[in-house]
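Chemist: Provided herewith is a single structure, encoded as structure tokens, for subsequent inquiry.
The values are calculated or read from the model by the stated rules, or taken from the named source; none is laboratory data. Note that the structure is a prediction, hence the values are computed from the model and not measured. Neighbour counts run over all protein chains shown; Cβ positions are idealised from the backbone, glycine included.
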Amino acid sequence: MSEVMISVEGLGKEYHLGGNKGLDLRGGLKRNTKALLGRSQGSFWALKDVSFNVERGDALGIIGRNGAGKSTLLKLLSRITMPTTGRFSINGRVSSLLEVGTGFHPELSGRENIFLNGTILGMRRAEVKQKLDEIVEFSGVERFLENPVKHYSSGQKVRLAFAVAAHLEPEVLIIDEVLAVGDLEFQRKCLGKMKDVTSNGRTILFVSHNMSAINSLCKRCMLLSDGMVEAEGDTRTIINRYVHFNDDAPTGLREFSEKTPTRDGAASLRSMRWVDLSGNTISRSKVTDALGLEITYEVHKAGVRPQPVIFLHNSEGDLVFTSFAGLDAPLGQGLGTHCTILRFPPDLFNEDTYYVSIWLTTWLPHTVHQVQENVMNIQIMDDLNSSTRSPSHYVIKGALRPRFTWDIIPV
Amino acid sequence: MSMRIEVDAKRWKPIPDLRELLAHRDLFLTLAYRDIRVRYAQTFLGFAWALVQPMATLLIMILVFDRAVKVDTAGLPYSLFAITGISAWAYFAYVLKESGNSIIGAQEMVRKIYFPRIIIPLSKATVGLVDLSVALLVMAALFVYHQVVPGPNALLAIPYLLGIMLASVSTGIWISALTIRFRDLQHVVPFLIQFGLFVTPVAYPAQLVSKALPQWAQVLYFLNPMAGLIEGYRWSLLGVGDPGGLCLLSYAATLFLAITSLLYFRSVERFIADLV
């Protein structure tokens, strides 16, 4: 017996470029007159012609690189935004969890926030009341229940938020990358809870960068690429295809125009790109592969000796490290274009997306020529069969995952 | 609870879905409760703030319009005359101010979860009822203090008050929807409230305007929904003024605002998450 719970047909979402966000009055008028004149400011399709079905009790994993349209798809199915083309229907009560703790208010107590978050996620007040004890127990913050949430640690907040989410009883559950938060034990508790959900005949749609979480939860998987369905099928097949998939889109390249502002005009960035060992541009890499960041910049003024300073942040926003060649490195001497590659060894990064900020700096006298925050990112993936992965852990925590030597000392 | 969700890019209903709104009433109540709690949490005076505002406004109006300008209130104590206007106007101003920023303020939620977006301005309007109730208590106290008995039409104050709420909520919905597209409106709203106080019979009787202005200006004056509503509200309680005539324009304007606000909000609702 199979009943289609989610049916999606030709779903597409078009975004207009050029000031769709935060329009001001002038922008709005300009746009309207442009629309009247039939001139478009350009648009792009975040999602294009996506069709699939999910049956009752199934869990469908959705994977793809950053910008492939995963989040857009979930936003459409959650009805947060409307599709430009196509249609879908969902047969039953839906809860979507694109974030844990949506609507949490720091001034309110834990108890009040449980009610707030619960009703935001679609529960009735009576339902929350009925499950309150269970939720509180699952969260493990009983003692602080009457304290304002602003006094909670971030871990406690996440636990409380997840406890609420875990007690939703929807027929269809839509989840975006929420397992990245919380400690290991708690994550396993949550994955366990989600497995219960599917075994109870409920349906799950799950987006994650974490291949092992997808693998443990979903039998079927869909790979999105540039807003379109690239492949769909058995999870292991799709994941392997994704991890070993040749990168063709050069999103790992970032070029700077002459107009990119500098602080003093003495030196400016030309381009940056992620490269593999053979020098090909990449936008993602495996934990076990070496990679490099190639930076090309130009010196416009004689006498300055700029060199790039790289700041690398992980997806949680923590600064993982700062790297530069150093005072005595013979970088960037003389007018004209310079190029340097920052090389990273294999087994350094963890499974995550890392974000690069760059400062073009001369050390003596200390001058910053150009600052570009968050200019590009790289997605580091893990092979399912990687030997650095412990089989029982879904996530290996840590900003980095270096491979150290473990010597055996005979005793 | 079994439901079926269908979304089609080609089919879209311009009429707001009341059933869906009703299904989200718990969320509406919770959000309103949150805003009330948060509004007075950790302030030194707490709920007393709801009392301070109308009292301060009343005081300044007594000084300016009663003592200095000596406005003619047909023999009624000025404080009683003014508090009827103030209670209504303060609510209108509060709803406008809060609605303007409401959706941008809730953008985190709007981007992460679905619910009928109109709940946001509606819950803000509900929070304003706390202040309105306090202002009405001040009014009641002034009735007792001046030993004035409300006129024979006092019960009509209820529909007038409902009309004032409708006008406030509708304007609020309009502004909240417009602010999504045009952030500039955030700066216009305080100006609108300040300006509105002068062209609404809050501190002075509407007759003052009718006597001094040409016909066309009077029509403009009463196209302001609050003008006729406050005049009628005061008439029902104190028996001064004339709730007919040009005031009918205000009632029509209120209805017009109410209907168009719902339709306009509905039309931008689909894109709120893309715009904020």
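Chemist: I'd like to check something: does segment B:47-60 contain any residue that is more than 9 Å from chain A (Cβ to nearest Cβ), surrounded by fewer than 19 Cβ atoms within 10 Å (Cβ to Cβ) and part of a loop (DSSP other than H, G, I, E, B)? Quick ask: steps written out before the conclusion?
Modeler: Taking segment B:47-60 first, the residues more than 9 Å from chain A (Cβ to nearest Cβ) are B:47-60.
Next, only the ones that are surrounded by fewer than 19 Cβ atoms within 10 Å (Cβ to Cβ) stay: B:47-49, B:51-53, B:55-56, B:59-60.
So of that shortlist, the ones also part of a loop (DSSP other than H, G, I, E, B) come out as none.
No, segment B:47-60 has no match at all.
Chemist: Of all residues in segment A:29-60, count the ones that are more than 31 Å from the chain's Cα centre (by Cα), of a type outside the set (S, T, N, Q) and either on the phi < 0 side of the Ramachandran plot or at pLDDT 50 or above (or both). Walk me through how you get there before you give the answer.
Modeler: Taking segment A:29-60 and keeping what is more than 31 Å from the chain's Cα centre (by Cα), we get A:29-39.
Then keep just the ones that are of a type outside the set (S, T, N, Q); that gives A:29-31, A:34-39.
Checking which are either on the phi < 0 side of the Ramachandran plot or at pLDDT 50 or above (or both) leaves us with A:29-31, A:34-37, A:39.
Residues flagged as more than 31 Å from the chain's Cα centre (by Cα), of a type outside the set (S, T, N, Q) and either on the phi < 0 side of the Ramachandran plot or at pLDDT 50 or above (or both) within segment A:29-60 amount to 8.
Chemist: Here is a further query. Just to be sure I understand the filter: pairs with C-beta atoms under 9 Å, separated by 6 or more residues or on different chains, first member in segment B:53-71 and closer than 18 Å to residue B:207 by Cα, second member surrounded by fewer than 16 Cβ atoms within 10 Å (Cβ to Cβ). Which pairs pass?
Modeler: Going by the 9 Å Cβ cut-off, the qualifying pairs are B:71/B:208.
Chemist: Got at least one residue in segment A:394-408 being at pLDDT below 85 and buried (at least 18 other Cβ atoms within 10 Å of the Cβ)?
Modeler: yes
Chemist: If you don't mind, there's one more thing I want to ask. For residues that are surrounded by fewer than 24 Cβ atoms within 10 Å (Cβ to Cβ), more than 12 Å from the chain's Cα centre (by Cα) and not hydrophobic (A, V, I, L, M, F, W, C), scanning just segment B:68-101, find the one that is farthest from residue B:177 (Cα to Cα).
Modeler: B:75
Chemist: Sticking with this one: Looking only at segment A:75-97, which residues are at the interface with another protein chain (Cβ under 7 Å from one of its Cβ atoms), among the aliphatic types (A, V, I, L, M) and under 18 Å from residue B:271 (Cβ atoms)?
Modeler: A:80, A:82
Chemist: Identify, please: which residue in segment A:98-108 is touching a residue at least 60 places away in the same chain (Cβ under 8 Å) and more than 7 Å from chain B (Cβ to nearest Cβ) and is, among those, surrounded by the fewest Cβ atoms within 10 Å (Cβ to Cβ)?
Modeler: Restricting attention to segment A:98-108, the residues satisfying the condition of being touching a residue at least 60 places away in the same chain (Cβ under 8 Å) are A:98-101.
Filter again for more than 7 Å from chain B (Cβ to nearest Cβ), leaving A:100-101.
Details: A:100: 25, A:101: 22.
Applying the filter and picking the extreme gives A:101.
Chemist: Just checking, how many residues over segment B:226-246 are hydrophobic (A, V, I, L, M, F, W, C), free of Cβ contacts under 8 Å to residues at least 40 places away in the same chain and surrounded by fewer than 22 Cβ atoms within 10 Å (Cβ to Cβ)? Walk me through how you get there before you give the answer.
Modeler: Step one: of segment B:226-246, the residues hydrophobic (A, V, I, L, M, F, W, C) are B:226-227, B:229-230, B:235, B:237-238, B:240, B:246.
Within this subset, residues satisfying the condition of being free of Cβ contacts under 8 Å to residues at least 40 places away in the same chain are B:227, B:246.
Narrowing the set further to residues that are surrounded by fewer than 22 Cβ atoms within 10 Å (Cβ to Cβ) leaves B:246.
Counting residues in segment B:226-246 that are hydrophobic (A, V, I, L, M, F, W, C), free of Cβ contacts under 8 Å to residues at least 40 places away in the same chain and surrounded by fewer than 22 Cβ atoms within 10 Å (Cβ to Cβ) gives 1.
Chemist: Given the criteria away from chain A (no Cβ under 14 Å), in contact with a Ser or Thr (Cβ under 9 Å, 6 or more places away or on another chain), of a type in the set (Gly, Ala, Ser) and closer than 30 Å to residue A:77 by Cβ, does residue B:99 qualify? Full working, then the answer.
Modeler: On the way: away from chain A (no Cβ under 14 Å): yes; in contact with a Ser or Thr (Cβ under 9 Å, 6 or more places away or on another chain): yes; of a type in the set (Gly, Ala, Ser): yes; closer than 30 Å to residue A:77 by Cβ: yes.
The answer is yes for residue B:99.
Chemist: Kindly indicate which of B:93, B:48 is among the hydrophobic types (A, V, I, L, M, F, W, C) and under 30 Å from residue B:260 (Cβ atoms).
Modeler: Values: B:48 fails: under 30 Å from residue B:260 (Cβ atoms).
Selected residue: B:93, the only one of B:93, B:48 that is among the hydrophobic types (A, V, I, L, M, F, W, C) and under 30 Å from residue B:260 (Cβ atoms).
Chemist: Okay, moving on. Which members of segment B:197-213 meet the condition of being outside any loop (DSSP other than H, G, I, E, B) and without any contact (Cβ under 8 Å) to a residue 40 or more places away in the chain? Even if it seems obvious, please write down each step before you answer.
Modeler: Quick first cut of segment B:197-213, residues outside any loop (DSSP other than H, G, I, E, B) only: B:197-198, B:207-212.
If the condition is that a residue be outside any loop (DSSP other than H, G, I, E, B) and without any contact (Cβ under 8 Å) to a residue 40 or more places away in the chain, then B:198, B:207, B:209, B:210, B:211, B:212 are the ones that fit.
Chemist: Go through (1) more than 30 Å from residue B:114 (Cα to Cα); (2) touching a Phe, Trp or Tyr at 6+ places or on another chain (Cβ under 6 Å); (3) within 14 Å of another protein chain (Cβ to nearest Cβ) and name the single condition residue B:40 misses.
Modeler: So residue B:40 meets the others, but not (1).
Chemist: Residues in segment B:1-35 that are facing chain A (nearest Cβ under 7 Å) and either at pLDDT below 85 or in a strand (DSSP E or B) (or both): how many?
Modeler: Keep residues of segment B:1-35 that are facing chain A (nearest Cβ under 7 Å), which gives B:1-9, B:26-27, B:30, B:34.
Then drop every residue that is not either at pLDDT below 85 or in a strand (DSSP E or B) (or both), which leaves B:1-9.
Result for segment B:1-35: 9.
Chemist: Cβ-Cβ under 6 Å, sequence separation 6+ or interchain: first residue in segment A:137-155 and assigned to a helix (DSSP H, G or I), partner of a type in the set (D, E, K, R). Which pairs?
Modeler: Correct list of pairs: A:139/A:159.
Chemist: For segment A:161-176, give me each residue that is in contact with a helix residue (DSSP H, G or I) (Cβ under 7 Å, 6 or more places away or on another chain) and in a loop (DSSP other than H, G, I, E, B). Explain how you work it out, then say what you get.
Modeler: Within segment A:161-176, the first condition is being in contact with a helix residue (DSSP H, G or I) (Cβ under 7 Å, 6 or more places away or on another chain), and the residues that meet it are A:161-164, A:166-167, A:173-174, A:176.
If the condition is that a residue be in contact with a helix residue (DSSP H, G or I) (Cβ under 7 Å, 6 or more places away or on another chain) and in a loop (DSSP other than H, G, I, E, B), then A:167 is the only one that fits.
Chemist: Can you tell me which residue among B:84, B:43, B:73 is hydroxyl-bearing (Ser, Thr, Tyr) and at pLDDT 85 or above?
Modeler: Numbers: B:43 fails: at pLDDT 85 or above; B:73 fails: at pLDDT 85 or above.
Residue meeting the stated conditions: B:84.
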